[in-house]
Amino acid sequence: MEVVIAPAEELALLAAGHVDALLRRRPDAVIGLATGSSPLKVYDELARRHAEDGLSFARARGFMLDEYVGLPADHPERYRTVIEKEIASRVGWAPEQVQGPDGLADDLPAACAAYEAAIAAAGGVDVQILGIGTDGHIAFNEPGSSLASRTRIKTLTRQTREDNARFFGGDVAKVPTHCLTQGLGTIMDARHLVLLATGRQKAEAVHQLVEGPVSAMWPATIMQMHPHATVLIDDAAAGRL
Ligand code: GLP
């Protein structure tokens, strides 16, 4: 695992650089997309390179990590909507070039299986962008998640719902209770993992990720087993290393 400690703006440039290099080498690459605040500057930089440096996403595809269950299609915090706004629409992606788990499906287990099949049919994810929750979750794999898990329904922990309440007007009651998420096994199949974490609130999770024992109680620690993982953190997030 490669750990880089740098100011937040540089981390975003480094992460965007990985995606940029991949796309110039393989224009039909598959990019794994994360939501949350951590990747936002990366998406800004990719949009800038698309607009100003001719970085083409025309043949590339995106696969989302996770989705809330039950948020209406037009809800601004539905992850599909967030990804459309923050990255897809800015790099010229048509809706069919981006896929995510369907949190509105009548048959959620079938939607999870279909999503796994779609990722496999695309040839797997080339580079997966990741954030990390304060409890060490990646995507929505909360503590206790099987290290071999695949896309499935999960219950969100109280802590994650409180962390994410800021996106729902600060009201934890408005945060959905369930989600669909790629499993840790699904994420580990990606060929390159690029995780971003900034701020003191992430220091304990980053400590566990980099220095802790591999454990389902800190799900991100599975990344220690990945042959190509890059961890991009600022000084504050590195505060417990
Ligand atoms: C959410 C997302 C994760 C994300 C995490 C951290 O729970 N499902 O994919 O990594 O939050 O979010 P942030 O980057 O806003 O701290």
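The values are calculated or read from the model by the stated rules, or taken from the named source; none is laboratory data. Not measured: the values here are computed from a predicted model. Cβ sites come from the backbone with ideal geometry, for glycine too, and all protein chains shown count toward neighbours.
Scanning region 117-140 for residues that are in contact (Cβ under 8 Å) with a residue 60 or more places away in the chain, surrounded by fewer than 19 Cβ atoms within 10 Å (Cβ to Cβ) and more than 15 Å from the ligand (Cβ to nearest atom) yields ALA122, GLY123, GLY124. Of everything in region 83-116 that is surrounded by 18 or more Cβ atoms within 10 Å (Cβ to Cβ), of a type outside the set (A, V, I, L, M, F, W, C) and in contact with a Lys or Arg (Cβ under 8 Å, 6 or more places away or on another chain), the residue that is nearest to LEU180 (Cα to Cα) is GLY103.
The helices (runs of 4 or more DSSP H) found entirely in region 149-241 that carry 2 or more residues being more than 13 Å from the ligand (Cβ to nearest atom) are 184-188, 203-211. Residue-level check: of (1) in a helix (DSSP H, G or I); (2) under 29 Å from PRO213 (Cα atoms); (3) out of contact with any strand residue (DSSP E or B) (no Cβ under 9 Å at 6 or more places or on another chain), ARG48 misses just (2).
Being assigned to a loop (DSSP other than H, G, I, E, B), at pLDDT 95 or above, farther than 21 Å from PHE168 by Cβ and of a type outside the set (Ser, Thr, Tyr) is a description that does not apply to PHE63. Within region 53-80, residues that are more than 15 Å from the ligand (Cβ to nearest atom) sit with their Cβ atoms under 7 Å from residues that are in a loop (DSSP other than H, G, I, E, B) and β-branched (Val, Ile, Thr), at 6+ positions apart or across chains, in these pairs: PHE57/VAL91. Candidates GLY36, GLY17: the one that is buried (at least 17 other Cβ atoms within 10 Å of the Cβ) and under 21 Å from MET223 (Cβ atoms) is GLY36.
Set side by side, the residues ALA229, ALA216 differ, and just one is within 20 Å of ALA148 (Cα to Cα) and under 15 Å from the mean Cα position of the chain (by Cα), which is ALA229.
Here THR181 does not qualify as out of contact with any strand residue (DSSP E or B) (no Cβ under 8 Å at 6 or more places or on another chain) and on the phi < 0 side of the Ramachandran plot.
Regarding region 73-82, can at least one residue be identified that is of a type in the set (A, V, I, L, M, F, W, C) and surrounded by 19 or more Cβ atoms within 10 Å (Cβ to Cβ)? First the steps, then the outcome.
Quick first cut of region 73-82, residues of a type in the set (A, V, I, L, M, F, W, C) only: 73, 82.
Filter once more, keeping what is surrounded by 19 or more Cβ atoms within 10 Å (Cβ to Cβ): 82.
Yes.
Residue check: PHE57 meets all listed conditions (1) farther than 20 Å from PHE140 by Cα; (2) among the aromatic types (Phe, Trp, Tyr); (3) not in a loop (DSSP other than H, G, I, E, B) but one, namely (3).
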